[in-house]
Every structure is written in structure tokens, then in C-alpha cells.
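Structure record follows, encoded as C-alpha cells.
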């Protein structure tokens with residue numbers, strides 16, 4: 001079968017554009033990681049020699065390590081809670097008709113259009129009124145509000161793309177609704193659930209604006225600690241810590257890819 005030169009040219013152009021986009025997206029992270037291995041005292045590219053000096057500095061820097069633990073802990077909690085709440089809301093919206101359905105969907109997606117600064121100030125005032133500003137709850141709630149829209153959008157897409165034939169077959173065999181959800185619905189949309197959890201984790205782990213308003217008890221998240229540090233210093237320690245953030249996020253994505261495969265994840 002003879003391939004049309006025009007089709008071949010379009011395919012090549014599409015592949016070239018995709019390659020350029022991937023390079024542009026990955027290049028900043030690659031430059032940061034390479035710069036973090038410098039042996040010099042200033043952040044520069046190309047690095048002034050190769051060394052893991054700044055990774056040792058980062059490991060021994062208590063504020064950064066505490067912030068890394070805080071970010072990871074909060075992101076894991078947010079991912080779990082957003083997944084539970086987002087699945088329940090998405091399932092109700094996708095499967096049922098009830099009064100206020102459109103309002104519920106609009107309310108769930110509203111954080112996507114509300115400026116993060118406005119959201120952070122509003123939550124800070126709310127928890128200050130409740131005298132809870134020195135607890136983890138404001139930070140958790142702020143990140144949860146930001147993560148739920150992404151979780152719901154992902155799960156709604158998964159529910160819409162899969163046929164309900166298996167669920168109906170289970171109900172015809174007199175399985176309870178809860179059993180149908182547990183044994184059929186959840187396994188079928190598992191890639192969507194894991195994708196939603198990744199979105200929630202990354203959204204929480206990398207958030208700066210809301211986190212800056214809702215830090216508690218002297219504990220700050222890693223992005224906020226980075227921005228605070230950059231105000232007074234710009235040594236390669238910033239690149240080393242940024243590389244750790246990139247590697248944590250990449251490790252989570254690769255774990256999911258190993259579990260369910262890249263194509264199903266996408």
C-alpha cells in the first residue's frame with residue numbers, strides 16, 4: 001500500500017511538533033537538575049564542576065527537610081480525602097438526577113475560576129474566626145478545595161467513557177448497589193481513580209499561593225520554604241531542593257505507570 005507523501009509529511013510534522021513541545025516542557029526541569037550538581041557556590045549553568053555537595057546540604061538543612069515532610073504528609077492526606085469526596089460527588093452527578101445537580105457541579109468546579117489569593121485570604125479569615133489557624137486543618141481544607149475539581153473532572157470522564165452494561169448485569173444478578181460499586185465500578189475505572197489521585201497529590205504538593213496563607217504552627221510546605229529562602233539567598237541549595245520536588249513527583253507518576261501502564265493512565 002503506497003503512502004501519500006502529503007500524509008507522510010503531516011505525520012512527520014505532527015511528530016516534530018510533539019517532540020518540540022516535550023522538549024520545551026522538560027528542558028527547565030532538566031536544567032535545574034543539572035545545575036543542582038554544581039560544586040560552586042553560585043547557581044549557574046553549565047555547573048562549575050560536578051558534586052553532590054548541595055544535596056548533602058539539603059539533607060542536613062532541617063527547615064527544608066521538615067517542609068518536605070509537611071508537604072508530603074499533607075499531599076497524601078489531601079489525595080486520599082479528595083479521592084473519596086470526588087468519587088462520591090462524581091458518581092452522584094453521573095448516575096443520578098436530583099434537584100440542585102447543576103448547582104453542585106458548578107460549586108465543585110468553582111475553585112478553578114476563583115483566584116488562589118482570594119481563596120487563601122477567605123479561608124484564613126474563616127479559620128481565624130474559628131480560632132484554628134495554628135492547626136493543620138486550614139492547610140488541609142485549602143488544598144482539598146483546590147484538588148477536588150481536578151479529581152471530579154477525571155472521575156467524571158472515566159465514568160462517562162465506560163459502559164454501564166457490567167453494572168446492570170451485576171444488579172440483574174441481585175448484587176447490592178454497594179457490591180456493584182466495589183466489585184465492578186471501582187475496578188473498571190481504576191486508571192481514572194489513580195490519575196485523579198496523582199492530580200490531587202501534585203496539586204497539593206506544588207501549591208504556593210494558598211499554602212502561604214494557611215501555614216500552621218511554624219510548619220510550612222516545601223514550595224513556601226523555597227520562596228522564603230530565595231528572598232535572602234540564591235545558592236545551588238535551591239536547585240537541589242527543587243530537584244527533590246521534581247523527583248518526588250516523578251516517582252509518584254512512574255509508580256502509577258508501573259501499576260497500570262502509561263496508556264491507561266493517559
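R0 = 30 Å: FRET efficiency of residue 231 with residue 121, Cβ-based, nearest 0.05?
Values: r = 21 Å, r/R0 = 0.69.
So, using R0 = 30 Å, E works out to roughly 0.90.
Expressed in nm to one decimal, what extension gain is obtained for the pair residue 97 and residue 84 from 0.36 nm per residue of sequence separation less their Cα-Cα distance?
On the way: separation 13, 0.36 × 13 = 4.68 nm, distance 2.05 nm.
The residue 97-residue 84 span can extend by a further 2.6 nm.
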154, 66, 129 arranged by Cβ crowding within 10 Å, fewest neighbours leading: 129, 66, 154
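Under the rule a/c < 1.5 gives rounded, and otherwise a/b versus b/c splits prolate from oblate, where does region 109-172 land using the Cα gyration tensor? Write out the running numbers ahead of the final one.
On the way: a/c = 5.01, a/b = 2.56, b/c = 1.95.
The shape class here is prolate.
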Computed label-point distance, nm, for sites residue 22 and residue 250 using a 7 Å Cα→Cβ extension: 1.5
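Sort the following peptides by mean Cβ neighbour count (other Cβ atoms within 10 Å, averaged over residues), highest first: 183-191, 105-113.
Sorting 183-191, 105-113 by mean packing, highest first, produces 183-191, 105-113.
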Theoretical ellipticity at 222 nm over the chain - DSSP helices of four or more residues, -39500 (n - 2.57) apiece, nearest 500: -23500 deg cm²/dmol
Relative frequency of Cα-Cα separations exceeding 25 Å in region 61-265, percent: 46
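Read the figures in this text as sums done on the coordinates, not as results from a lab. Because the structure is predicted, anything quoted here is derived from the model rather than measured. Here Cβ is always computed from backbone atoms with ideal geometry, including for glycine, and neighbour counts include all displayed protein chains.
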